[in-house]
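Notes follow the structure.
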There are 4 protein chains.
Amino acid sequence: MIIVMKPGASREQINAVSERLVELGFKTHPIYGQEKTVIGAIGDKKALSSEAIINLPGVEKIVPIMKPYKLVSRELKDTPTIVRIGGVPVGGRGLVVMAGPCAVEGEEQLLEAARAVKAAGAQVLRGGAFKPRTSPYAFQGLEEKGLKMLARVREEVGLPFITEAVDTRDVPLVAEYADAIQIGARNMQNFRLLQEAGATGKPILLKRGLAATIEEWLMAAEYILDSGNPNVILCERGIRTFETSTRFTLDLAAIAVVKENSHLPVIVDPSHGTGSWRLVLPMARAAVAAGADGLIIEVHPDPARALCYGPQSLHPETFDRLMGELAPVALAVGRGLALNGLFPEQAGTLAAGK
Amino acid sequence: MIIVMKPGASREQINAVSERLVELGFKTHPIYGQEKTVIGAIGDKKALSSEAIINLPGVEKIVPIMKPYKLVSRELKDTPTIVRIGGVPVGGRGLVVMAGPCAVEGEEQLLEAARAVKAAGAQVLRGGAFKPRTSPYAFQGLEEKGLKMLARVREEVGLPFITEAVDTRDVPLVAEYADAIQIGARNMQNFRLLQEAGATGKPILLKRGLAATIEEWLMAAEYILDSGNPNVILCERGIRTFETSTRFTLDLAAIAVVKENSHLPVIVDPSHGTGSWRLVLPMARAAVAAGADGLIIEVHPDPARALCYGPQSLHPETFDRLMGELAPVALAVGRGLALNGLFPEQAGTLAAGK
Amino acid sequence: MIIVMKPGASREQINAVSERLVELGFKTHPIYGQEKTVIGAIGDKKALSSEAIINLPGVEKIVPIMKPYKLVSRELKDTPTIVRIGGVPVGGRGLVVMAGPCAVEGEEQLLEAARAVKAAGAQVLRGGAFKPRTSPYAFQGLEEKGLKMLARVREEVGLPFITEAVDTRDVPLVAEYADAIQIGARNMQNFRLLQEAGATGKPILLKRGLAATIEEWLMAAEYILDSGNPNVILCERGIRTFETSTRFTLDLAAIAVVKENSHLPVIVDPSHGTGSWRLVLPMARAAVAAGADGLIIEVHPDPARALCYGPQSLHPETFDRLMGELAPVALAVGRGLALNGLFPEQAGTLAAGK
Amino acid sequence: MIIVMKPGASREQINAVSERLVELGFKTHPIYGQEKTVIGAIGDKKALSSEAIINLPGVEKIVPIMKPYKLVSRELKDTPTIVRIGGVPVGGRGLVVMAGPCAVEGEEQLLEAARAVKAAGAQVLRGGAFKPRTSPYAFQGLEEKGLKMLARVREEVGLPFITEAVDTRDVPLVAEYADAIQIGARNMQNFRLLQEAGATGKPILLKRGLAATIEEWLMAAEYILDSGNPNVILCERGIRTFETSTRFTLDLAAIAVVKENSHLPVIVDPSHGTGSWRLVLPMARAAVAAGADGLIIEVHPDPARALCYGPQSLHPETFDRLMGELAPVALAVGRGLALNGLFPEQAGTLAAGK
């Protein structure tokens, strides 16, 4: 790290900082400028020591040089990680679409949704059994009953499923049924939940917190990898900004930033990211064009009667149209999408590189 | 609620919306404008039904009329709630200062901090035993050992203490020792944790999420009240904005907005809210002048060697100076502060009303 | 508009509001709920009268029903507007790419850039002669000398050009040379500049302010249309958020929101929108997939020596690669891009609808 | 500045960067760490050269060491600047309150407001003659007629006045009448306007842009000082955040951050900063407690009939109450406020230091 001293810092102050750095195991390299002195400190293993220095007299600021994450970084592993959800590879050539209702409301609703999304080309079923809701008076999910429905529908339809865990105490139960565990945006920094979910060894879909920087998001993934589980899929789902015409602002540049810094796959949730089904279509296309490894989309057989997030849920027919629109975009960026006679193997014939 | 129809919505669409509203138990009052029709719907008990309407054909938007929270609202209870932490009333005339180290690092450090903050006038000790940290490689707290130290120092110094719970599974343990339970900003919408902490009956300090609107914050408090526990203290601790010269942007207007809408007490954390001890002093004064019921401040006997958030921790001497600065500001707004010979009873002699 | 009265508003207060509304020319429709009364007010022509009501006793809030803009809205004109820059149509089937250096630094640099971008398929040249810079010590542009260079290069290369006006006093000069006038993000609400630029009749590229809501952006366009000039192209260029790994957060959902509400064409600036040339490629593809009518991209013959925004400028070879990547994405969404033997007429053969 | 090389940057890349730095006039100090090399570059006069380096191969990032501003900085001038508006010193011991209507609507309205605010203790009259409005259909100000009214009322009541200039072409006219020129938030980076207003030599009130960082704000002030005019007063007026219950989020920590970095006085606008007159009172008190040198507040004789921003305007009686509330807060922080028999000379008797 680099320690920038205040203009006018005394020689004693500079020496005291250097001594503290040496005490902490660093080698120091002072550079004396006309107005300011800076001290280069080598040996910063985990970017954690700045707090021990910043309060010393004469210090203006500390500039970290090393990234705070290790296990998730491209510097450690330069090849893309492929995470398998019940046999479906996420992070490879194929574009993976996960779809289904926001909440499991009943077996009929779930079965209808699952059949529809499978028919349109989705490869993973999504559906919430535990629902974290802003209001205590809103529908909170069917819990284990919902998990059982998901498991039965998986058998019936032949799609692996992903579902959210919201409490460390439920993680074993969720892991017993689900093919992958989702960590919601509001829990991105619920570190105990990250560790507990990570410890199951199941693939983890880690949604970006709605006010989390990309660095904090990668640090949250680091918690899971540090728990011994390398199967993490990142999911951009919109950040909170001043704009009110959409529920969140979908930060698609985050896809490329993540890919520059990490080997983990990254998908996009245009349903929560916009809050409006009409915006799901263009933003799903945009996410694929930006390089996302997949999408997670809310589809409900009857959005007008959904118990949860109806406004952002696609009707199965609209989802089918979306999948039709995605196929040529996926091809255009060299990705395959399994649907309607276009297979991953045919991908890239039009592709213009990446 | 008010349903605004799109310009050009057909009579059939308007009728379909009205019928659905009646089906949901509302009385409807259509108003036909030149360009748009709006439908007033009366009977909206919990502001939850808009999702059932928004997707109907011809609907442009839904405008809620009722607030989504009930139990925390001034409409339900117009007198300020006073919450007691080990006998110290929060929300009354007296201004309450809670202070102590970010993390409990050892008994000596804690005892020294506790004695210092008590001597300066603090009435509640704060200190973290479970620390949610952005990095898995950072100090995570002493856990139960830390709780025991807090309990011993409480006996020794005579200050009740507040400490954070970060996992539903730890709540019983924390409740066994602590006088009040803190819910951190990153857990504000960890609804299970809210319910579990609420169920202990202990006073709950609910920090505002760093991207939470005031309405969402009050909804989170509603979860706790709905669990049967009315002892909630709200804590503004800064929101995330584009400004980078402070760690967060302390939103002091939130104090007055909360007080307009809720009967719950609200305090301010200028330490996390600014991230820099130099800014703690002016922002603590400002918070009191804005009408806060109290402050929670990080004080460490040796900030330069703190294991956690040293840059924002006050040295005991600086804390003492701060308390000296707060006293006349508190008086100026009609609040008492127990210190240095100025007692709450004398407050308000200079006060210019509120 | 809808006036929501406070719970407990008296009959006199309700009557006083109604009378004031009638005095302002509205018809009123009160709806009496159990807890609150709301008053529907019909006749709100310009959504401007709420300020006359909001301060009346007993009023809780005002809900506008009409949009505040008229001339830019789809409600007034439902067919897309096509704006021509020197013969190049923006807003039709073809995707228009505008490219060139951030600042005109000299005729050689400009000529080289212009030739390169034309060869790669750009249809409009961009280049700044007046540069608004954050620092008074940064390069401020060549001013009229720069405009003359742009005009000469236009002749030489055969590309119309767009350049920015930053001061009402320079507008006539800029209009004398340029094919289109750019209003920068920091001037989006410089209403005099909008009016002055609008009055020239030239096509106006209106960049979104970095903290402007989509509604405010459309209101700024309304100023130009209201000055009698219908030739406005909107340009999304990133908004300011808490995320620091990109200079701004490119809000691609804004494209679809604008298209839902307005007939004006909308393009995207991925160079300023990300601040990094590496992110320009994926975000340009994403913008096209999201439905943008075009792109404006910074290209510099030698980015490492650019006087302005080098880090976000593409080298001509990279720009050529980008254009190659855009072509199939454009085709995939039914848009044409004039380059390398792919012509707009061939567009859409793969297109999947909208 | 510090150049951080990517991990794996080659010796040739490191040398090329060093050579370019030397070519630009820097002395270089490379530090070779285990994973990364950083190069210290001394001689960076204006923090402007990073763009010439950032695109060189192997460079990861540039860390500026010097602040980008000079003239406004405490490093150049450590004593507070006092700016006089018609004899009223801003930035000294006394707290200055500027008050009056948002817009000059007529002479009677203005006179009534001026008398009221003077009686309550305001020392400067504010009132807009040129109004930048979000909507082209809103009241745009009386222009020169308004300036003349302001001048007549100044004579009649004996208060200097401040008013806004929104166009470089109007600056001479405004300067002819006004005692101080206001630059609005939306024009903070209208650099030509800054230069033109600066060149009049009149005191300039520079409002913070609603998405401007404190550093950008100081850079804008630098433009004015660089034009030869040292009489700049900064004005915090709220920044744009996701919170919607207030119009803006008033960033009071900015006061202390500015004072740490600059010698310029800083005042606060709680009217625009909150958008609601009820919040003006607590936030005005908070601003004073945080160390503001003054306030600018909207007062209208009949807020319910104001042509502009009625909801945030104080009735004269409420303003009088506010001034009464401010006096003890000002005293508490060692500042004087001229009103009701309390004079600046008596200030500080209760003050607890800074």
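The values are calculated or read from the model by the stated rules, or taken from the named source; none is laboratory data. Owing to the predicted nature of the structure, the values given are computational and were not obtained by experimental measurement. In this analysis, Cβ positions are derived from the backbone assuming ideal geometry, glycine residues included, and neighbour counts consider all displayed protein chains. Heads up: the accessible areas ignore ligands, DNA and RNA and are worked out on the full protein's heavy atoms, side chains in. Shrake-Rupley method; radii C 1.70, N 1.55, O 1.52, S 1.80 Å.
Below, the figures for the structure above:
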read-out: Number of the condition not met by B:Gly209 [criteria: (1) open to solvent by less than 10 Å² (accessible area, probe 1.4 Å); (2) out of contact with any helix residue (DSSP H, G or I) (no Cβ under 8 Å at 6 or more places or on another chain)]; value: (2)
read-out: The stretch C:6-25 residues that are modelled with pLDDT under 85, paired with ones that are of a type in the set (Gly, Ala, Ser) (beta carbon under 8 Å, 6 or more apart); value: C:Leu24/C:Ser49; C:Leu24/C:Ala52; C:Gly25/C:Gly43
read-out: Residue in the stretch A:139-153 that is open to solvent by less than 10 Å² (accessible area, probe 1.4 Å), within 14 Å of chain B (Cβ to nearest Cβ), over 28 Å from A:Ala256 (Cβ atoms) and in contact (Cβ under 8 Å) with a residue 12 or more places away in the chain present; value: no
read-out: Boolean, A:Ala221 is crowded, with 24+ Cβ neighbours inside 10 Å and without any contact (Cβ under 8 Å) to a residue 60 or more places away in the chain; value: no
read-out: Filter pass, C:Thr246 being of a type in the set (Val, Ile, Thr) and over 22 Å from C:Val299 (Cβ atoms); value: no
read-out: Residue within the stretch D:224-244 that is surrounded by fewer than 23 Cβ atoms within 10 Å (Cβ to Cβ) and under 18 Å from B:Gly238 (Cβ atoms) present; value: yes
read-out: Failed item, numbered, when D:Pro270 is tested on (1) farther than 26 Å from A:Ala211 by Cα; (2) surrounded by fewer than 23 Cβ atoms within 10 Å (Cβ to Cβ); value: (2)
read-out: Single residue of C:Leu95, C:Leu125, C:Leu111 found to be modelled with pLDDT of 95 or more and more than 18 Å from the chain's Cα centre (by Cα); value: C:Leu111
read-out: Single residue of B:Thr274, B:Thr318, B:Thr249, B:Thr244 found to be over 17 Å from D:Ala290 (Cα atoms) and β-branched (Val, Ile, Thr); value: B:Thr244
read-out: Pick from the stretch A:280-327, criterion polar (S, T, N, Q) and farther than 23 Å from A:Ala254 by Cα, ranking: nearest to the chain's Cα centre (by Cα); value: A:Ser313
read-out: Pair list, Cβ under 7 Å, 6 or more apart: the stretch A:58-73 residue at pLDDT 90 or above, other residue small (Gly, Ala, Ser) and open to solvent by less than 20 Å² (accessible area, probe 1.4 Å); value: A:Val72/A:Ala221; A:Val72/A:Ser262; A:Ser73/A:Ser262
read-out: Subset of the stretch D:274-328 (residues that are open to solvent by less than 10 Å² (accessible area, probe 1.4 Å) and aromatic (Phe, Trp, Tyr)); value: D:Phe319
read-out: Residue in the stretch D:45-57 that is open to solvent by 40 Å² or more (accessible area, probe 1.4 Å), within 10 Å of chain A (Cβ to nearest Cβ) and not hydrophobic (A, V, I, L, M, F, W, C) present; value: yes
read-out: Matching entry among A:Ile233, A:Ile214, A:Ile239, A:Ile204 (being of a type in the set (A, V, I, L, M) and either more than 26 Å from A:Tyr309 (Cβ to Cβ) or at the interface with chain B (Cβ under 9 Å from one of its Cβ atoms) (or both)); value: A:Ile239
read-out: Conditions (1) in contact with a Ser or Thr (Cβ under 6 Å, 6 or more places away or on another chain); (2) within 21 Å of B:Val83 (Cα to Cα); (3) in contact (Cβ under 8 Å) with a residue 40 or more places away in the chain: number failed by B:Ala199; value: (3)
read-out: Criterion (more than 13 Å from chain D (Cβ to nearest Cβ), buried (at least 24 other Cβ atoms within 10 Å of the Cβ) and not hydroxyl-bearing (Ser, Thr, Tyr)) met by exactly one of C:Ala197, C:Ala253; value: C:Ala253
read-out: Test: residue in the stretch A:158-168 that is out of contact with any strand residue (DSSP E or B) (no Cβ under 6 Å at 6 or more places or on another chain), open to solvent by 20 Å² or more (accessible area, probe 1.4 Å) and more than 24 Å from B:Arg169 (Cα to Cα); value: yes
read-out: Breaking point among (1) buried (at least 21 other Cβ atoms within 10 Å of the Cβ); (2) at the interface with chain A (Cβ under 10 Å from one of its Cβ atoms), for D:Val17; value: (2)
read-out: Test for B:Ile39: is it buried (at least 17 other Cβ atoms within 10 Å of the Cβ), over 27 Å from B:Ser262 (Cβ atoms) and at pLDDT below 85; value: no
read-out: Filtered residue count, the stretch A:169-186, keeping only those that are open to solvent by less than 10 Å² (accessible area, probe 1.4 Å), closer than 13 Å to B:Arg192 by Cβ and either of a type in the set (Gly, Ala, Ser) or within 8 Å of another protein chain (Cβ to nearest Cβ) (or both); value: 1
read-out: Pair list, Cβ < 7 Å and 6+ apart or interchain, from the stretch C:294-307 residues that are without any contact (Cβ under 8 Å) to a residue 60 or more places away in the chain to residues that are open to solvent by less than 10 Å² (accessible area, probe 1.4 Å); value: C:Pro303/C:Gly310; C:Pro303/C:Ser313; C:Ala304/C:Gly310
read-out: Every residue from the stretch A:2-15 that is at negative phi and outside any helix (DSSP H, G or I); value: A:Ile2, A:Ile3, A:Val4, A:Met5, A:Lys6, A:Pro7, A:Ala9, A:Ser10
read-out: Hey, A:Ala180 within 20 Å of A:Pro230 (Cα to Cα) and touching a residue at least 60 places away in the same chain (Cβ under 8 Å) or not; value: yes
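For (1) out of contact with any helix residue (DSSP H, G or I) (no Cβ under 6 Å at 6 or more places or on another chain); (2) open to solvent by 20 Å² or more (accessible area, probe 1.4 Å); (3) closer than 19 Å to D:Leu147 by Cα; (4) of a type outside the set (Asp, Glu), each residue gets a yes or a no:
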residue: D:Ile85; (1), (2), (3), (4): yes, no, yes, yes
residue: D:Pro89; (1), (2), (3), (4): yes, yes, no, yes
residue: D:Val97; (1), (2), (3), (4): yes, no, no, yes
residue: D:Gly100; (1), (2), (3), (4): no, no, yes, yes
residue: D:Ala103; (1), (2), (3), (4): yes, no, yes, yes
residue: D:Glu107; (1), (2), (3), (4): no, yes, yes, no
residue: D:Glu112; (1), (2), (3), (4): yes, yes, yes, no
residue: D:Ala116; (1), (2), (3), (4): no, yes, no, yes
residue: D:Gly121; (1), (2), (3), (4): no, no, no, yes
